[in-house]
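Okay, so here's the structure we're looking at.
The values are calculated or read from the model by the stated rules, or taken from the named source; none is laboratory data. Please read all numbers here as calculations on a predicted model, not as lab measurements. Cβ placement follows ideal geometry from the backbone for every residue including glycine, while neighbour counts extend to all protein chains displayed. The accessibility values were calculated without ligands, DNA or RNA, using every heavy atom of the protein model including side chains. Shrake-Rupley method; radii C 1.70, N 1.55, O 1.52, S 1.80 Å.
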Amino acid sequence: MFELLKPKVLDILGASDKSVAERLQELCDLLKSEVPYYNWVGFYFRNGSKEELKLGPYAGAPTDHTLIPFGKGICGQVALSNRNFVVPDVSAQDNYIACSINVKSEIVVPLFVNGENIGQIDIDSETPDPFSPADERFLEFVNGEVAKIL
Ligand code: SME
């Protein structure tokens, strides 16, 4: 599945006649519609020089969590750790920000530009424990390609 999605990701990101925000929106829509267990797909970016994340383009239900302080929730932890965070069961996490009671699991992969952690892709799933290393490798690929257009 992911190998078939890669060329579509490249097509979307390569459409330089569109704005970055439009391309990221299309990318979120693609991932949400093509991966059955990706129920919410969004990007958070560092909010200027503040120690907080700001919600960017996303696909799925609107969330109240448009600003997340560094350290808070799964997203805020990844802003500090610079590491992928795979959560098979969100109910087992103490430092977690719930967006929907239907969410069972989450994956957050940081996005680096010139070695600096400037944001992340965040995916919520309503399926318990659906993520494998293949998701991590694919989302690292996605973020690597996104970094090229930022
Ligand atoms: N669950 C995230 C918050 C963002 S929502 O999933 C869209 C977290 O704990 O950081």
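A few comments on the model shown:
- Members of the stretch 88-108 that are assigned to a loop (DSSP other than H, G, I, E, B) and either farther than 17 Å from Tyr37 by Cα or open to solvent by less than 30 Å² (accessible area, probe 1.4 Å) (or both): Gln93, Asp94, Asn95, Tyr96, Ile97, Ala98, Val103
- Top-ranked residue of the stretch 50-81 - restricted to ones that are more than 10 Å from the ligand (Cβ to nearest atom) and under 25 Å from Val35 (Cα atoms), ranked as farthest from the chain's Cα centre (by Cα): Lys54
- For Ile123, the conditions (1) near the ligand (Cβ under 8 Å from one of its atoms); (2) buried (at least 20 other Cβ atoms within 10 Å of the Cβ); (3) not charged (D, E, K, R) all hold with the exception of (1).
- Looking across Ala79, Ala61, one residue alone is on the phi < 0 side of the Ramachandran plot and part of a helix (DSSP H, G or I). It is Ala79.
- Taken over the stretch 118-150, residues that are in contact with a Ser or Thr (Cβ under 9 Å, 6 or more places away or on another chain) and farther than 22 Å from Val90 by Cβ amount to 1.
- The criterion of being of a type in the set (A, V, I, L, M, F, W, C) and touching a strand residue (DSSP E or B) at 6+ places or on another chain (Cβ under 7 Å) holds for Phe43.
- Unmet criterion (only one of (1) in a helix (DSSP H, G or I); (2) open to solvent by less than 50 Å² (accessible area, probe 1.4 Å); (3) touching a helix residue (DSSP H, G or I) at 6+ places or on another chain (Cβ under 6 Å)) for Leu111: (1)
- Out of Leu31, Leu27, one residue alone is in contact with a helix residue (DSSP H, G or I) (Cβ under 6 Å, 6 or more places away or on another chain) and either under 20 Å from Asn143 (Cα atoms) or within 13 Å of the ligand (Cβ to nearest atom) (or both). It is Leu27.
- Pick from the stretch 27-49, criterion open to solvent by less than 10 Å² (accessible area, probe 1.4 Å) and of a type in the set (Phe, Trp, Tyr), ranking: farthest from the chain's Cα centre (by Cα): Tyr38
- Condition met for Phe85 (more than 8 Å from the ligand (Cβ to nearest atom), under 22 Å from Val35 (Cβ atoms) and not polar (S, T, N, Q)): yes
So that you can scan it fast, the table gives a plain yes or no per residue for (1) more than 26 Å from Leu4 (Cα to Cα); (2) touching a residue at least 60 places away in the same chain (Cβ under 8 Å):
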site	(1), (2)
Lys54	yes, no
Leu67	yes, no
Cys75	yes, no
Leu80	yes, no
Asn84	no, no
Ala98	yes, no
Gly115	yes, no
Glu140	no, no
Val146	no, yes
